[in-house]
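Enquirer: Encoded as structure tokens, here's the structure I'll be asking about.
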Amino acid sequence: MICSISGEVPEEPVVSNKSGLLFEKRLIEAHVKDYGKCPVTGEPLTMDDIMPIKTNKVVKPRPLQAASIPGLLGMFQNEWDALMLSNFALEQQLHTARQELSHALYQHDAACRVIARLKKERDEARTLLSQAERQIPMTASGAAIANASMLTNGKRAAEDEDLGPGGKKIRPGISTLIIEELTDCNAMLSQQRKKRQIPSTLAPIDSLESYTQISSHPLHKTSKPGILSADIHPKKDIIATGGLDTNAVIFDRASGQILSTLSGHSKKVNSVKFVSRDELFVTGSADKTVRVWQGNEEGNYNCRHILKDHSAEVQAVSIHATNNYFVTASLDNTWCFYDLSSGLCLTQVGLGEASGSEGYTSAAFHPDGLILGTGTTDALVRIWDVKSQANVAKFDGHIGPVTAISFSENGYFLASAAHDGVKLWDLRKLRNFQTFAPYDSDTPTNFVEFDHSGSYLAMAGSDVRVYQVANVKSQWNCIKTFPDLSGTGKATCVKFGPDAKYMAVGSMDRNLRIFGLPGHDSEES
């Protein structure tokens, strides 16, 4: 039986009822579907006219080569030769791939060595540059200072500033080298704290109970009286104040003389801080700027940098323990981390839309330098990790803006002042363990400060009160209350002198008042 279409033996034979012709089923089905007629006679044809035929299964004959033993051996030989050729080609490809992989790995290893060498050279260059910047005497000629000021006074040309999305400035960030420097400083100070003992020269409690006003110094203008901030140099007997009259004043306590009046800000000076190296001094003002001042041997101070990275009042300045960096906090809802030598803002940190209208009213570094505390207008105290600039803790419970914060030298107490008084926080358990409400509901607490030994706590409002520092479970007793002698009813700042031998108090008149033991000031002079 042969198919009338293909001329071969059909696998599934069918026959036409009309013509009696034999077809392969799949072929006739396709033809009828396309043409609807018999492919041989041309008569109309449908699949209903097709009848299957039952036959035995067709066995295809063997190829001619397989009909004899020599033919089979020839087939096997051909297959073996093809297999060997394929295997040889695969081995050739494998060898080529191995050579290419070895070459690529060698190039990768060489590139890694070059990159490592370049990184090492870059880090060494950065270190040398940083050391050179710190070793260059900052008492350079007036032309050099003027040139430096031109580069860092915030008046850079727009084309020199890199702007990111939304028109925000792109900051270089806190580099790995700086983080290592901060970490090393933290490790050293933490180790020293474990061995720390309260100095024997610290003023005892009975001495503080006997403190009284021993001097008063009119430092600021009578037209705009009011001292808003104060700081005492850690190594010298000089005091700085910032006032409503837009000036900062450097005052020699021993001689009772004004060493220098720093003019340049256009609005009130909210914060002043000494740097314990290179005669540097930093001020923050309501005119949205921060100024870094350089002192000279004659006691005069020249403005080295004018920093204009904030868009609202600068409320606080805090110097890092390395004395190489500082932080500013502003009502624009950001804080900035600066390199002190260059005046460069390394990073500007804010909480964005999540914080709403929250602005920063106070800031202070932890004594070890890896933690930053900030107070806000929304009565919150925020704790930041300086290395990652992440907000790691938040303390609430105050009423009104947080006017001041202070870390204790023991490393785990934090004091915060606001309209409702002073709260003490335990950083180990992140909780409030004591609250002071020294004044009535209409009188805010303007300032709070631990002394350098962590033994005393002072707060300022309608008067100045000093408390003895105790532990978490004990009561902190009030040692002394100093009445406000300014007549304004508003003490704005209080600072402990070395070993708490005296206290400097600023208020809303123009006078800086020194409290200590009667006769002690004249003996020191």
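Enquirer: Counting each DSSP H run of 4 or more residues in the chain as -39500 (n - 2.57), what helix-only mean residue ellipticity at 222 nm follows after dividing by all residues, to the nearest 500 deg cm²/dmol?
Expert: Roughly -7500 deg cm²/dmol at 222 nm, from the helical runs in the chain.
Enquirer: Could you grab the relative contact order for region 13-64? Cα pairs under 8 Å, six or more apart, rounded to a whole percent.
Expert: 38 percent
Enquirer: Right, next: Quick one: in the chain, what % of C-alpha pairs are over 39 Å apart?
Expert: The calculated P(r) of the chain puts 45 percent of pairs beyond 39 Å.
Enquirer: Oh, and also: Got the relative contact order for the chain handy, in percent, Cα pairs under 8 Å and 6 or more residues apart?
Expert: Contact order relative to length: 10 percent.
Enquirer: Okay, next question. Long-range amide H contacts for GLY359: which residues qualify at under 5 Å (H placed 1.01 Å from N, peptide plane, sequence gap of 5 or more or a different chain)?
Expert: THR377, ASP378
Enquirer: While we're looking at this one, here's another question. Residue by residue through region 286-294, which ³J(HN,Hα) values in whole Hz follow from phi under the Karplus form 6.51 cos²θ - 1.76 cosθ + 1.60 (θ = phi - 60°), with glycine and proline marked x?
Expert: Computed from phi, the couplings for region 286-294 are 6, 7, 6, 10, 10, 10, 9, 10, 10 Hz.
Enquirer: Amide H to amide H, which residues 5 or more places from TYR502 or on other chains are under 5 Å from it, using H placed in the peptide plane?
Expert: Under 5 Å from the amide H of TYR502: GLY497.
Enquirer: Rg and Dmax of region 380-525, Cα atoms, in Å?
Expert: Cα-based Rg and Dmax for region 380-525 come out at 15.8, 50 Å.
Enquirer: Using only Cα atoms, locate the centre of region 193-217 and the centre of region 298-373, then give the distance between them in Å, rounded to an integer.
Expert: Distance between centres, Cα-based: 30 Å.
Enquirer: Which links in LYS169/LYS308; LYS288/LYS490; LYS235/LYS480 stretch past 18 Å when you go from one Cα to the other?
Expert: LYS288/LYS490; LYS235/LYS480
Enquirer: Among SER342, GLY284, ALA230, flag the residue with its Cα farthest along the positive direction of the charge dipole of the chain, charges on Cβ as +1 for Lys/Arg and -1 for Asp/Glu.
Expert: My answer, from the dipole projection, is ALA230.
Enquirer: Note down the Stokes-Einstein diffusion coefficient of region 48-124 in µm²/s, whole number, using a Kirkwood radius over alpha carbon pairs, 25 °C, and 0.890 mPa s.
Expert: This corresponds to a translational diffusion coefficient of 126 µm²/s.
Enquirer: Now a separate question. Arranged from highest to lowest average of other beta-carbon atoms within 10 Å per residue, in what order do the peptides 418-429, 212-223 appear?
Expert: 418-429, 212-223
Enquirer: In sequence order, what are the phi-derived ³J(HN,Hα) couplings for region 62-68 according to the Karplus relation 6.51 cos²θ - 1.76 cosθ + 1.60 with θ = phi - 60°, rounded to whole Hz, with x for glycine and proline?
Expert: For region 62-68, the Karplus-derived couplings read 5, x, 4, 5, 8, 8, 9 Hz, x marking Gly and Pro.
Enquirer: Let me ask something additional. Read phi for every residue in region 402-407 and hand back ³J(HN,Hα) as whole Hz from Karplus 6.51 cos²θ - 1.76 cosθ + 1.60, θ = phi - 60°, with x for Gly and Pro.
Expert: 7, 7, 7, 9, 8, 8
Enquirer: Amide H to amide H under 5 Å from TYR325: which residues, 5+ apart in sequence or cross-chain, H placed 1.01 Å off N in plane?
Expert: Excluding prolines and chain starts, which carry no amide H, the hits are HIS320, LEU340.
Enquirer: OK, next. Mind computing the radius of gyration and Dmax over the alpha-carbon atoms of region 13-64? Å is fine for both.
Expert: 12.9, 42
Enquirer: For the peptides 95-107, 35-47, what is the packing order when you average, over each peptide's residues, the other Cβ atoms within 10 Å and list the highest mean first?
Expert: The most tightly packed comes first, giving 35-47, 95-107.
None of the figures in this text is laboratory data; all of them are computed from the coordinates on show. For clarity, every value in this text was computed on a predicted model and none was experimentally measured. Neighbour counts are summed over all protein chains in view; Cβ atoms, including those assigned to glycine, are modelled from backbone coordinates with ideal geometry.
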